[in-house]
Every structure is written in C-alpha cells, then in structure tokens.
Amino acid sequence: MLPQEVRTIIEEMKAERIRGASYLAKRGAEAYLKLAELLTGEELFDALKEMRTEIIRVNPTMASLYNLIRFIPLTNNPEFVRAKAEEFIKLSEEAKREIGNIGSELIDENEVIITHSFSSTVLEVLKVAKMKGKRFRVILTESAPDYEGLALAKELEVLEIPFEIITDAQLGLFAKKATLALVGADNITRDGCVINKAGTYLLALACHDSGVPFYVAAESFKIHPELRAEEVEIVERKFKRNHFLIRNYLFDITSWKYVRGIITELGILVPPKEV
C-alpha cells in the first residue's frame, strides 16, 4: 500500500490537464523521492513494485512515464531510490536546456512558427531564441477541449513573444502562413511515429501540403524503446456538452514521413532510422 503522501502526488498527476509528458515525468520522480523519504526495507521494495503499475496508469500513452519506472530500480535501499530520482530530474532539466539551444538555431529571423497544444520543451526553444535576440512570431491553436494553447499564450505574453491564437479548425488555413512548425511529443515510438495532442496529425498533414518543415521537440526519455505505433494505448476521455456525449481521444499519431526531424538533447534525429 502506497503512503498517502505518494498517492496524493499520483492523483494530482492524473488530474493534470494542461502540462504534458515532461511535467508528469518530473512529478513522478518527485513521488519516488517522497517514497524514499517515508519507507525502507521490504516496505519500500513492495511499494516500488506497486509504483510501476500506478505511474503507468496516470497516462499509458506517455513514454516518459514508462522510461521513468525503468530508470528507478526495485530495491530496499531508500538512498539508492533517492539518488536515481534526483538523477532523473537533473537529466531531464539538462535535456530541456540542450534542446532549447539546438532548436533555437532552427529559427531564422522573422520566422512564423505554428504550434499546437502546450509543450514545455517547445516553450524552452522559443524562450532561448528570444534570448538570442531573434525576431519571430508564433501562431498557436487554442487546443480544445482543455485549451492548453491558452496556457502557452500566457507564457509567451510574459516573454513578450508576439503571437496570435486560432481555433483548432483553422489549422489548415494558417499552416499556409507559417514558415516552420514546432510541436512537442508525449511518445515517440520505436518505428519513429510521433504521438502528441490530438490535432498534431492534422497540422503535420497541412504543413506537408504547404511545404512547411515540421519539427518535433522532445527529450530522449520520450522515445519508447519497445512499442510500435499500433501497439500504443491511446487514452480517451469522453465528455458531455449539452447532454451529448463527445468522443475525445487525447492523442493522435503522426507518421515519421511527415516529420523533418526530432530535436532531442542528443541532436536532431531523422526518423525512423535514427530513432
């Protein structure tokens, strides 16, 4: 049985609607830190086994959670668990900074960047490009039904990066006005497909049709070492509006053939071979 303090973190992770795979992986690592603080010996070992199930249940689509539980060993030594959890957090933060540096070099002067949903990794790229003095603007979707795009808009407003918000239905129309597409990822499968907020596939198709290069920014821990695209469980969260039940898959799958490159801390990977 997991301690209540750890279960609270997991429940908060399940309730999260805006921030994606990077944030949830970090929160998961913090849950491991809390576990190491509270338990030891056989109790810790048993709790770690339970964590392997509970962390994945937060969102089975996200490769970051799968790789997190692989990173933390089954042991009865709380110091070892603490060290590994802290290492995961440190590596993830370093990865994001490096992606920011690499990705910002893709942004040319007066670039028009189109994006979908909220990605802390994409935000880091934009932030670093702004720090380097580059002038560009961003087209972002409102990203219904959870409106992650509005959360991104608030961050861009603070950074004084010019942007305009569009409805999701206008992705095809505004892709023609962009010079670069940049999105995050919740999972990159071993066959090089990108799983991200539903609507990403439509953006990739529109960019392909308009000749706009489509890039993905993602830490390497979002690459799933085992699953192919057709094997990934895509989470659905139905909701009601005006008493009508609405289907709502949270993610869709974008084939590697529409992706110019995946920006990781290891460099820009060309799928599927380099993935």
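The values are calculated or read from the model by the stated rules, or taken from the named source; none is laboratory data. Source: prediction; values computed, not measured. Please note: Cβ atoms are built from the backbone with ideal geometry, for glycine as well, and neighbour counts cover all protein chains shown.
Below is a table of values for the structure above.
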{"quantity": "Number of the condition not met by Leu173 [criteria: (1) within 17 Å of the chain's Cα centre (by Cα); (2) under 28 Å from Arg247 (Cα atoms)]", "calculated": "(1)"}
{"quantity": "Test: residue in the stretch 98-115 that is within 20 Å of the chain's Cα centre (by Cα), modelled with pLDDT of 95 or more and acidic (Asp, Glu)", "calculated": "yes"}
{"quantity": "Residue in the stretch 31-52 that is within 20 Å of Ala151 (Cβ to Cβ), out of contact with any strand residue (DSSP E or B) (no Cβ under 6 Å at 6 or more places or on another chain) and charged (D, E, K, R) present", "calculated": "no"}
{"quantity": "Which listed residue, of Arg19, Arg52, is touching a helix residue (DSSP H, G or I) at 6+ places or on another chain (Cβ under 8 Å), in contact (Cβ under 8 Å) with a residue 12 or more places away in the chain and not in a helix (DSSP H, G or I)", "calculated": "Arg19"}
{"quantity": "Which numbered condition Val216 misses (of (1) closer than 30 Å to Arg70 by Cα; (2) among the hydrophobic types (A, V, I, L, M, F, W, C); (3) touching a Leu at 6+ places or on another chain (Cβ under 7 Å))", "calculated": "(3)"}
{"quantity": "In the stretch 258-275, residue surrounded by the most Cβ atoms within 10 Å (Cβ to Cβ) [restricted to those that are of a type in the set (A, V, I, L, M, F, W, C) and not in a strand (DSSP E or B)]", "calculated": "Val259"}
{"quantity": "Failed criterion for Ser117 (all others in (1) of a type in the set (Gly, Ala, Ser); (2) farther than 23 Å from Pro162 by Cβ; (3) not in a helix (DSSP H, G or I) hold)", "calculated": "(2)"}
{"quantity": "Contacts under 8 angstrom Cβ, first residue in the stretch 133-145 being farther than 12 Å from Gln170 by Cβ, partner of a type in the set (Lys, Arg), 6 or more apart", "calculated": "Ser143/Lys197"}
{"quantity": "Residue list for the stretch 55-73, restricted to those being assigned to a loop (DSSP other than H, G, I, E, B) and either in the same structural domain as Val194 (by TED's automatic domain parsing) or closer than 22 Å to Glu11 by Cα (or both)", "calculated": "Asn59, Pro60, Thr61, Met62, Ile72"}
{"quantity": "Pair list, Cβ under 7 Å, 6 or more apart: the stretch 175-188 residue not assigned by TED's automatic domain parsing to the domain that holds Ala217, other residue among the hydroxyl-bearing types (Ser, Thr, Tyr) and outside any strand (DSSP E or B)", "calculated": "none"}
{"quantity": "Exclusive hit being surrounded by fewer than 24 Cβ atoms within 10 Å (Cβ to Cβ) and not basic (Lys, Arg), set Gly192, Gly184", "calculated": "Gly192"}
{"quantity": "Number of the exception - Val138 against (1) β-branched (Val, Ile, Thr); (2) more than 19 Å from Glu111 (Cβ to Cβ); (3) in a strand (DSSP E or B)", "calculated": "(2)"}
{"quantity": "Filter result (touching an Asp or Glu at 6+ places or on another chain (Cβ under 8 Å) and assigned to a strand (DSSP E or B)) within the stretch 176-216", "calculated": "Leu180, Ile195, Asn196, Lys197"}
{"quantity": "Matching entry among Leu123, Leu152 (being touching a residue at least 24 places away in the same chain (Cβ under 8 Å), out of contact with any helix residue (DSSP H, G or I) (no Cβ under 6 Å at 6 or more places or on another chain) and either assigned to a helix (DSSP H, G or I) or surrounded by fewer than 22 Cβ atoms within 10 Å (Cβ to Cβ) (or both))", "calculated": "Leu152"}
{"quantity": "Test set (1) more than 25 Å from Gly267 (Cα to Cα); (2) acidic (Asp, Glu); (3) surrounded by 19 or more Cβ atoms within 10 Å (Cβ to Cβ) - Glu164 fails condition number", "calculated": "(3)"}
{"quantity": "Checklist (1) more than 17 Å from the chain's Cα centre (by Cα); (2) under 20 Å from Ala25 (Cβ atoms) applied to Asn248, failing item", "calculated": "(2)"}
{"quantity": "Enumeration of residues in the stretch 231-257 that are touching a helix residue (DSSP H, G or I) at 6+ places or on another chain (Cβ under 9 Å) and either charged (D, E, K, R) or exposed (fewer than 12 other Cβ atoms within 10 Å of the Cβ) (or both)", "calculated": "Asp252, Lys257"}
